[in-house]
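Undergrad: Quick one: structure below, then a few questions.
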Amino acid sequence: MGRVSRRAFAVAALSAFAMTPTASAAPGRRGGAPASEMRGVWLATVANRDWPSKPGLSASQQRAELLTHLDTAVRNRLNTVVFQVRPTADALWPSPYEPWSQYLTGTQGKDPGWDPLGTAVEEAHARGLKLHAWFNPYRVAAHADPTRLAASHPARRNPDWVVAYGGKLFYNPGLPEVRAFVEDAMLDAVARYPVDGVHFDDYFYPYPVAGETFDDDDAYEEHGGGFPDRAAWRRDNIDRLVRETADRVKEIRPGVRFGISPFGVWRNASTDPAGSDSRAGVETYDDLHADTRKWVREGWIDYIVPQLYWNIGFAAADYAKLLPWWAEVARGSSTQLYVGEALYKAGDPAQPAAWQEPSELSRHLALAKEYTQVRGHVFFAARDVAADRVGAMARVVADHYGQPADPPR
């Protein structure tokens with residue numbers, strides 16, 4: 001997804017089990033209620049997950065739906081909306097780099113007749129909300145046919161930039177010209193609008209697909225010299241994207257915060273003694289070539305939101321074990337830790353029994369208060385905040401959000 005597929009992956013990623021490792025982190029000092037905390041919600045646009053409800057609505061209908069999501073955030077005493085504005089190498093603003101998103105009109109490149117990002121920033125601020133612009137750096141399309149892209153699409157003008165993998169199209173992170181382009185495309189929005197944050201999700205190199213190889217042989221041959229292996233070179237490519245984006249954000253709009261929401265497992269302890277007490281079948285360090293722990297410890301990013309989308313007691317990835325591991329990673333760093341929460345699972349009959357209980361997410365927030373490194377939570381996603389199938393969000397608000405709170409600075 002986007003986020004639809006990435007959430008499915010959060011389940012599929014746990015299918016490969018290893019030996020149970022030992023716990024790796026200790027609680028931080030217990031503290032009282034924070035003076036400020038992140039209370040965020042993701043507003044996903046890929047595949048029309050949250051907004052617009054379907055492509056092809058009129059500009060006024062789209063705007064009305066967007067404002068309803070903002071109002072719902074305020075009603076639930078949230079303070080930050082993470083708005084997906086570049087879901088598939090496209091744009092929800094009039095970009096000189098990439099075409100208008102197909103999720104607006106149904107046709108990639110077609111002008112929707114209004115400026116969703118500009119409106120979102122203005123209307124969020126009018127309601128006292130922060131607006132973080134959410135970008136996916138390398139995903140081009142959820143299909144593998146370049147001819148389905150808009151004729152002007154950079155991926156069609158530069159076919160050597162593109163790798164087909166797993167039935168989808170991706171920009172090749174190993175090409176310096178690709179990295180420079182996607183940074184330019186994303187940061188155009190930062191230059192144009194007074195956004196409060198820049199946000200990446202969990203997609204860097206794509207999630208592995210059994211029996212397929214991500215074909216970056218030519219790029220590795222040209223640019224991989226000096227690295228011990230391809231994996232180290234790939235991690236360096238993503239490190240460069242993160243460092244360069246952080247530097248450029250600060251140059252373009254000082255004060256804007258840069259954060260990332262990775263898959264919740266860096267490495268299992270069975271793979272690396274520094275890893276978490278988990279048995280996930282995907283590890284971001286090895287499979288997505290994203291050294292998320294390093295970014296925190298080096299202070300390259302302002303905040304991190306690991307997607308801890310599992311219930312307390314889930315054997316392969318226990319929220320109660322991953323939370324202290326991430327708290328220990330953040331301890332002493334300049335990177336603030338927020339926790340990604342799976343509101344979308346609450347009341348889903350396909351989920352374990354814990355997710356049928358309205359209290360599960362409230363228990364997460366109560367546990368997080370044991371760790372002073374945790375500065376708040378972000379909920380996936382806006383549609384689920386609005387629907388609140390079993391009252392899990394209402395329970396969080398009643399138990400933890402009795403008063404409004406400003407986000408951390």
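Undergrad: Take the alpha carbon gyration tensor of segment 255-302, find the square roots of its eigenvalues, order them as a ≥ b ≥ c, and report rounded if a/c is under 1.5; if not, report prolate when a/b exceeds b/c, else oblate.
TA: prolate
Undergrad: Then there is this: So which DSSP H runs in the chain come out at 20 Å plus along the axis (Cα) with average Kyte-Doolittle of at least -1.0?
TA: What comes out of the filter, once short or polar helices are dropped, is 59-75, 176-192.
Undergrad: Going down the list K130/K168; K110/K168; K321/K345, which pairs span over 27 Å between their C-alpha atoms?
TA: Beyond 27 Å between Cα atoms: K130/K168.
Undergrad: Relative to the Cα centre, what is the charge dipole magnitude of segment 250-409, using +1 at the beta carbon of each Lys and Arg, -1 at the beta carbon of each Asp and Glu, and rounding to the nearest 20 debye?
TA: Its charge dipole is roughly 360 debye.
Undergrad: Using Cα centres only, tell me the gap between segment 210-224 and segment 81-122 in whole Å.
TA: Comparing the Cα centres of segment 210-224 and segment 81-122, I get a distance of 31 Å.
Undergrad: While we're looking at this one, here's another question. Which order do the peptides 217-229, 190-202, 52-64 take when ranked by the mean count of other beta-carbon atoms within 10 Å per residue, highest first?
TA: Highest mean packing first, the order is 190-202, 52-64, 217-229.
Undergrad: Peptides 392-399, 347-354: what's the order by average Cβ count within 10 Å, highest mean first?
TA: 392-399, 347-354
Undergrad: Suppose only helical runs count, i.e. DSSP H with n ≥ 4. What mean residue ellipticity at 222 nm does that imply for the chain under -39500 (n - 2.57) per run, divided by all residues and rounded to the nearest 500 deg cm²/dmol?
TA: Rounded to the nearest 500, the figure is -10000 deg cm²/dmol.
Undergrad: Shape of segment 205-286 from its Cα gyration tensor (a ≥ b ≥ c, root eigenvalues): rounded if a/c is under 1.5, otherwise prolate when a/b > b/c, or oblate?
TA: Oblate shape, in that a/c is at least 1.5 and b/c is the bigger or equal ratio.
Undergrad: Per residue, how many Å² of accessible area does segment 33-164 show with a 1.4 Å probe?
TA: About 36 Å² of surface per residue is accessible.
Undergrad: So if I place +1 on the C-beta of Lys and Arg and -1 on the C-beta of Asp and Glu, and nothing else carries charge, what would the dipole magnitude of the chain be about its Cα centre? I want it in debye, nearest 20.
TA: For this selection, approximately 1200 debye.
Undergrad: Between A274 and R331, what is the FRET efficiency for a Förster distance of 22 Å, r being their Cβ-Cβ separation, to the nearest 0.05?
TA: In this case the efficiency is close to 0.95.
Undergrad: Relative contact order for the chain: what is it in percent, counting Cα pairs under 8 Å that are at least 6 residues apart?
TA: 22 percent.
The values are calculated or read from the model by the stated rules, or taken from the named source; none is laboratory data. It should be emphasised that the depicted structure is a prediction, and the values quoted were computed from it without experimental measurement. Ideal geometry is used to build each Cβ from the backbone, glycine not excepted, and the neighbour counts take in all protein chains shown. Accessible surface is based on the protein model in full, side chains and every heavy atom, while ligands, DNA and RNA are left aside. Shrake-Rupley method; radii C 1.70, N 1.55, O 1.52, S 1.80 Å.
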